[in-house]
Ligand code: SAH
């Protein structure tokens, strides 16, 4: 009797090694490992971060015989575009990406007259479970690697450099970590990505740190850590309620770190970085949009270097919640202004393309 053996290929646990995961010293070591001179690491890095190319045919400064090996060894494709949707005459473009293991993430490019903002994901899914957020409903699939995060930015930069977005060739000026995931729950990979984004070529993309915003539900120890990184990025805190009773339900991690602790961490961040903190507040009809809550919020925030970003709720499919009435939104703004707290209502680009966090991935079968 012979036992039949079936060989099952081991599932790769991690995305392939990519130069965006590595420091310049590590890139040099990796290049040497591939049988090349260390200085090839700088050349390769310039192709990726400056010329935004991974095509061996374009790398005429590298020996023809080495190009494929170097590209294969250090620039494997990490993201495959599955769907692309545009609106606003092509100046808003949302891409659904598939990662090596089939996990899906989204990024959104938004071109304005004076800037280009790229909204990136930091995790496939999210473990924070906020009930109004599409990503939160499906739970966390996995953390993204530094290079997977960076590739979203490189893809956006490439689309702009190649004149694929109406308005002529351009550059990415702002990066917001407001796509799928809780960036501070994937701390190490996110900090690595921020460094690659802000480090000048050949190390990275050379985008100003002032244009980078990291948005969090309020993981207090990670906010404290971030304030000591020496990276002048903007911190955005997704508050959504000024009182613990309601915030416990809208942002469940509030049961661990309360409103007062989160705001204390934010003020320490301001003291340390001199950067204005942004408070995100999704206005949900009859849930968190009462004038008394605006008043309470104003009292908590006034006198600090802060700005409130009100986001009309983008209802997720099947949700009982919806955006606030215009008059309630106006009253909310007025109460905050009364306390001298700067406030703007975020424009709602991308609504018609399932712009809310996680909606595109959620609407795609097999996700
Ligand atoms: N996890 C991070 C970043 C991702 S979400 C965070 O929570 O900050 C980016 C922002 O979009 C957050 O402020 C989030 O609360 C908000 N958001 C999520 N779903 C939304 C929806 N359906 N309508 C409006 N804002 C939403």
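The values are calculated or read from the model by the stated rules, or taken from the named source; none is laboratory data. Note that the structure is predicted; figures quoted are calculated from it, not measured. Cβ: placed from backbone, ideal geometry, glycine included. Neighbour counts: every protein chain shown.
Scanning region 95-110 for residues that are more than 14 Å from the ligand (Cβ to nearest atom) and either under 15 Å from the mean Cα position of the chain (by Cα) or crowded, with 23+ Cβ neighbours inside 10 Å (or both) returns 95, 96, 97, 104, 109. Selection over region 209-252 of residues that are within 9 Å of the ligand (Cβ to nearest atom) and part of a loop (DSSP other than H, G, I, E, B) gives a count of 5.
Under the condition of being buried (at least 24 other Cβ atoms within 10 Å of the Cβ) and not in a strand (DSSP E or B), the residues counted in region 121-131 number 3.
Taken over region 299-324, residues that are under 16 Å from residue 278 (Cβ atoms) and more than 11 Å from the ligand (Cβ to nearest atom) amount to 8. Being within 16 Å of the ligand (Cβ to nearest atom), surrounded by fewer than 20 Cβ atoms within 10 Å (Cβ to Cβ) and either free of Cβ contacts under 8 Å to residues at least 24 places away in the same chain or assigned to a strand (DSSP E or B) (or both) is the requirement here; does residue 83 meet it? No; evaluated as a whole, the condition is false for this residue. Checking every residue in region 68-81 against the condition of being modelled with pLDDT under 95 and in contact with a helix residue (DSSP H, G or I) (Cβ under 6 Å, 6 or more places away or on another chain) gives zero matches. Only a single item in (1) in contact (Cβ under 8 Å) with a residue 24 or more places away in the chain; (2) surrounded by fewer than 19 Cβ atoms within 10 Å (Cβ to Cβ) is not met by residue 163, and it is number (1). Residue count for region 191-208, restricted to those that are closer than 18 Å to residue 273 by Cα and within 16 Å of the ligand (Cβ to nearest atom): 2. As a summary of the residue check, residue 118 satisfies the conditions (1) in contact with a helix residue (DSSP H, G or I) (Cβ under 6 Å, 6 or more places away or on another chain); (2) surrounded by 16 or more Cβ atoms within 10 Å (Cβ to Cβ); (3) not in a strand (DSSP E or B) except for the one numbered (3). Kindly establish whether residue 200 is assigned by TED's automatic domain parsing to the domain that holds residue 304, touching a helix residue (DSSP H, G or I) at 6+ places or on another chain (Cβ under 8 Å) and surrounded by fewer than 22 Cβ atoms within 10 Å (Cβ to Cβ). When the stated conditions are applied, residue 200 does not pass them. When you look at residue 149, is it outside any strand (DSSP E or B), within 16 Å of the ligand (Cβ to nearest atom) and either in contact (Cβ under 8 Å) with a residue 24 or more places away in the chain or not assigned by TED's automatic domain parsing to the domain that holds residue 92 (or both), yes or no? Here the answer is yes, as residue 149 does meet what is asked.
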